[in-house]
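Working notes, structure below.
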Amino acid sequence: MGQVGQFAIALAFVVTIYSIASSLLGIRIKNDKLIASGRNAAVAVFVLISTAIGTLAYLFLTSDYAYAYVAAHSNRNLQTYFKISSIWGGQEGSLLFWGWLLTIYTALVVIQNRRRHMSMMPYVTSVLMGTSLFFTSMHLFVASPFKMNAAQVGTKIVGLFTPADGQGLNPLLQDPMMVIHPPMLYLGFVGMVVPFAFAMAALITRQLGDTWIRTTRRWTMAAWGILGTGILLGGFWAYHTLGWGGYWAWDPVENASLMPWLIGTAFLHSVMVQEKKGMLKVWNIVLVIMAYIMAVFGTFLTRSGVVNSVHAFAKSPIGGYFLAFIVIAMSGAFYLLVDRLPYLKNEKQMGAVVSRESSFLFNNLILLVACFSVLFGTMLPSLSDWITGNKITVSKPFFNAVDVPIAIFLLFLTGVGPLLAWRKASTNSLKRNFMVPTAVACATGAVLLLMGVRHFYAWSALVMSAFVGTSIIREFYKGARARSLGTGEGFPEAVVNLTMRNTRRYGGYLAHLGFVLLFIGWSGQAFTADSEFNAGIGDSFQIRNFTVRVDGFEAVKGQNYTGDRANVGLYKDGVKIANMYPGRRTYEGAEGEQATSEIAIRESLREDIYLVFQGAADNAGQKGAFHIYVNPLVVWVWIGGVVLGLGTIVALLPNRKSTPAKRRKDQSVEAMKEGPPIAKPVS
Amino acid sequence: MRNLFRKDNLRLFFLVGVLLLTPALGAADTDRTKTLGSNLMCICGCGQVLTECNHIHCPSSVPMTAELKDHLAAGMTDKQVLSAFVEKYGSKVLAAPAFSGVFNKTAWLLPFAALLAGLAGLVYYLRRIKSTTAQPAPSTLETSRYDRKIEDELNNFTPED
């Protein structure tokens, strides 16, 4: 069966080359049939790679261990849905999955635009297929998931064999979240290819107006939103599965996913300046190129072995191919950009230093510096090794010291930007817009100090959150109140209608609000407490105003694991508030036993009680070893993520059109928002 | 429902929110073991700082934490403790490079230097643009009201698809 998949990949490789050649030749000799053929070939590649991924899924589901990849990443006891997620559990399968998602995006783009942007689309198809060609080459020549298990003597294959069972999937990956998290990340990464393809096509065809921006804005926003969701799901999984009490470790692979997201955030903001003012054209193309490069670079980091990461696959020659591809793509893109600079002149002048467009520039600068610092910190161990020969580690203390102040500054700009007018903000408007948020921020700062908060970064983050949160809530409140007064709608209805009539603006505010909530959640990290303790049945342990009491231990058994767990009562100020069941499991695999923790978390809006059971503390098994954490405000990270995602979805929706009667009402609302009518000037 | 959003109520909601959240933030942990442990790496290969290694019965983090506690019990300063760990395990045991030597100092300062250079460059660019733009005519009371209206409209304008 695997031969079907391998043949589909080989055929996809040929068809991909044909698609590129046909598209480019078609546009060169102005032959519509050839262009259409290139487009159809791109859809055919999607069908072929889908066949390959379907074949791999079939091999996993039927436990066909004649294939090395299947045997290495699953076993017979694995639940069906984990067998499916095993497809992206290793190097070869995850590459095929990446390539498959790219073909889905490609097929959607060429079908959606089959009657639009006729001069641009052949180049778009070529760029998308060019990226696809690289991945198909990897599947075919370097990292095929359809290799058979072969017995070797030296480098010579002496026969094929089929093991009785597979080695199993890493127990940490046997989590429902891991069924969703990697595909979301990959969808986000791959989505960055679409705006890149349109930007390159715009450069080639010299159509450097707003067309490519308007066509790709939704694609970019969707990819950005999905990538952000993927990152947060990864944090959620880490927090609920790994048992170290946190959700972000600044691991190189985590950083690799953050970098294109930061660049994408910068692009989504600066693109508004191009749409409105016809400015930052060069800058937007630079951002799109960088987002694309960072997306591929992230995949390179995971696979090259160039950095030490718990997520990374074993060191393999695949990294060299990725590096070569990145260098070629970047050189080609920047060469085109430089060549087309004369076509990328600004249509209008930049406004004053204190204006909305300037705030977008500052926002972009901060996001880029944030991305640079993450990239620099991630590569620093390798750079140190290469330059000084000294092996160093760059982990949390470095990233927290460097990136937290930058992030707080970014939060400040998040609040300031929407309060500034385009072109030039007058002193009066600054006073009018800033007074209330600033007052609330100052009051928050004072209250926090009175409450004993002395951690500067956390204090700053909370004060800034108050500032930004107030400015956003005011925007909704002012708009909805005016609408409510003008139309007679109830306040909640007015909020919904206001949002749905300008989805991009209010979706953006919602996303900003999500960002504020994320900061509130992050600031809680400055106030965590944790402790390790050993306890037998009836023993208690106190941390802050919480007490845990061990009520018992019991054995547990699942389909592919055995384990034990503790029954622990949680008391707050002497009152029992929950039963917690932290445990540990031992998974049997071909490579021996693998132990994992099953975390018990009691979540609340104020703090989480996070309890890890580490197993027996003594040989007699009378006492268990525990690690307990009090993690304030963590739940706001997840709430913030949901609000951020909701804001993105709203911003992606088209504006709701109003009926003529409604329009008249809306006009009266606008009039009420503006205050009493201004007298006509005497002519 | 409208009454719910009156100014007084909003102030009350805000105050209650702050009061609800802040007690949770009151007591920062100042344990030296935790502070120093979070500046050291576990060497088991988990890639996590010493205080966060989640390996059950980890062969590295358990003895390293004991070692750290021994050093503190012996009255060593933070600097002495970190030096002792570097001497034993190499500079990789530090979770971030020490602020010493040209390379490490450059590494620490480069992101901030990039930020400052970017900010300076941006302010210079915007001022230069401003100085080349024609000054607007002085505004009367009437025109400033128009200015305000236009500004508000521009402020509320978002390009649609």
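Condition check for residue B:57 on (1) surrounded by 13 or more Cβ atoms within 10 Å (Cβ to Cβ); (2) facing chain A (nearest Cβ under 10 Å); (3) not polar (S, T, N, Q): one failure, at (1).
Taking the condition under 30 Å from residue A:31 (Cβ atoms) and surrounded by fewer than 20 Cβ atoms within 10 Å (Cβ to Cβ), does residue A:119 pass? Spelling it out, residue A:119 is indeed under 30 Å from residue A:31 (Cβ atoms) and surrounded by fewer than 20 Cβ atoms within 10 Å (Cβ to Cβ).
Only one entry of A:394, A:402 meets the criterion of being out of contact with any strand residue (DSSP E or B) (no Cβ under 9 Å at 6 or more places or on another chain), of a type in the set (Val, Ile, Thr), within 7 Å of another protein chain (Cβ to nearest Cβ) and outside any helix (DSSP H, G or I), and that entry is A:394. Check off (1) surrounded by 15 or more Cβ atoms within 10 Å (Cβ to Cβ); (2) at pLDDT below 90; (3) aliphatic (A, V, I, L, M) for residue B:84 and give me the number that stays unchecked. That leaves (2) as the condition not met. Of all residues in the stretch A:42-75, those that are touching a Ser or Thr at 6+ places or on another chain (Cβ under 6 Å), in a helix (DSSP H, G or I) and touching a residue at least 40 places away in the same chain (Cβ under 8 Å) total 5.
Of A:80, A:136, A:125, A:106, all but one fail to be in contact (Cβ under 8 Å) with a residue 12 or more places away in the chain, out of contact with any strand residue (DSSP E or B) (no Cβ under 9 Å at 6 or more places or on another chain) and surrounded by fewer than 21 Cβ atoms within 10 Å (Cβ to Cβ); the exception is A:80. One residue stands out among those in the stretch A:584-616 that are within 24 Å of residue A:246 (Cα to Cα) and part of a loop (DSSP other than H, G, I, E, B): the one that is nearest to the other protein chains (Cβ to nearest Cβ), which is A:606.
For the stretch A:430-438, check the following and say yes or no: at least one residue is in contact (Cβ under 8 Å) with a residue 24 or more places away in the chain, facing chain B (nearest Cβ under 10 Å), over 26 Å from residue A:367 (Cβ atoms) and in a helix (DSSP H, G or I). Yes. Here residue A:392 passes the criteria (1) among the aliphatic types (A, V, I, L, M); (2) at pLDDT 90 or above; (3) farther than 30 Å from residue A:302 by Cα except the one numbered (3). Any residue that is within 30 Å of residue B:126 (Cβ to Cβ) and of a type in the set (S, T, N, Q) - is there at least one of those in the stretch A:374-383? Looking for residues that are within 30 Å of residue B:126 (Cβ to Cβ) and of a type in the set (S, T, N, Q), one finds none in the stretch A:374-383, hence no. Taken over the stretch A:100-151, residues that are among the polar types (S, T, N, Q) and modelled with pLDDT of 95 or more amount to 8.
Can you tell me which of A:619, A:579 is surrounded by fewer than 21 Cβ atoms within 10 Å (Cβ to Cβ) and not in a strand (DSSP E or B)?
After ruling out the rest, the residue left standing is A:619.
Taken together, A:318, A:326 contain a single residue that is at pLDDT 90 or above and not aromatic (Phe, Trp, Tyr), which is A:326. When residue A:249 is tested against (1) assigned to a helix (DSSP H, G or I); (2) touching a residue at least 60 places away in the same chain (Cβ under 8 Å), exactly one condition is not met: (1). Just so you know, in the stretch A:367-391 the residues that are among the aliphatic types (A, V, I, L, M) and at the interface with chain B (Cβ under 7 Å from one of its Cβ atoms) include one that is nearest to residue A:258 (Cα to Cα), and it is A:369. The condition (being surrounded by fewer than 22 Cβ atoms within 10 Å (Cβ to Cβ), at pLDDT 95 or above and not acidic (Asp, Glu)) is satisfied by just one residue among A:368, A:341, A:383: A:368. Scanning the stretch A:342-366 for residues that are within 24 Å of residue A:293 (Cα to Cα), facing chain B (nearest Cβ under 9 Å) and not in a helix (DSSP H, G or I) yields a total of 0. Filtered by the rule that a residue be crowded, with 21+ Cβ neighbours inside 10 Å and more than 10 Å from chain B (Cβ to nearest Cβ), the stretch A:470-496 gives A:471, A:472, A:483. Of everything in the stretch B:69-115 that is aromatic (Phe, Trp, Tyr) and either assigned to a helix (DSSP H, G or I) or away from chain A (no Cβ under 11 Å) (or both), the residue that is farthest from the chain's Cα centre (by Cα) is B:89. Yes or no: residue A:540 free of Cβ contacts under 8 Å to residues at least 60 places away in the same chain, more than 30 Å from residue A:609 (Cα to Cα) and polar (S, T, N, Q)? Taking the combined requirement at face value, the residue does not satisfy it. When A:452, A:514, A:521 are checked against the criterion of being within 10 Å of chain B (Cβ to nearest Cβ), under 30 Å from residue A:397 (Cβ atoms) and touching a Gly at 6+ places or on another chain (Cβ under 8 Å), A:452 stands alone in meeting it. Among the residues of the stretch A:241-268, the one identified as surrounded by fewer than 21 Cβ atoms within 10 Å (Cβ to Cβ) and under 15 Å from residue A:221 (Cα atoms) is A:268.
Let's see how each residue does on (1) within 25 Å of the chain's Cα centre (by Cα); (2) in a helix (DSSP H, G or I); (3) buried (at least 18 other Cβ atoms within 10 Å of the Cβ); (4) assigned by TED's automatic domain parsing to the domain that holds residue A:260:
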| site | (1), (2), (3), (4) |
| --- | --- |
| A:129 | yes, yes, yes, no |
| A:132 | yes, yes, yes, no |
| A:162 | no, no, no, no |
| A:188 | yes, yes, yes, yes |
| A:194 | yes, yes, yes, yes |
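For the residues B:140, B:133, the requirement of being modelled with pLDDT under 90, at the interface with chain A (Cβ under 7 Å from one of its Cβ atoms) and over 23 Å from residue A:387 (Cβ atoms) singles out B:133.
Are any of the residues in the stretch A:172-179 modelled with pLDDT of 85 or more and under 19 Å from residue A:70 (Cβ atoms)? Yes: one or more hits.
Looking at A:625, A:620, which one is facing another protein chain (nearest Cβ under 10 Å) and within 18 Å of residue A:550 (Cβ to Cβ)?
None of the other options fit; the residue is A:625.
Look at the stretch A:1-22: where a residue is charged (D, E, K, R), no partner that is at pLDDT below 95 sits 6+ places away or on another chain with Cβ atoms under 8 Å.
The values are calculated or read from the model by the stated rules, or taken from the named source; none is laboratory data. No experiment lies behind these values; they were computed from the predicted model shown. Every residue, glycine as well, gets a Cβ built from its backbone with ideal geometry; the counts of neighbours run over all protein chains shown.
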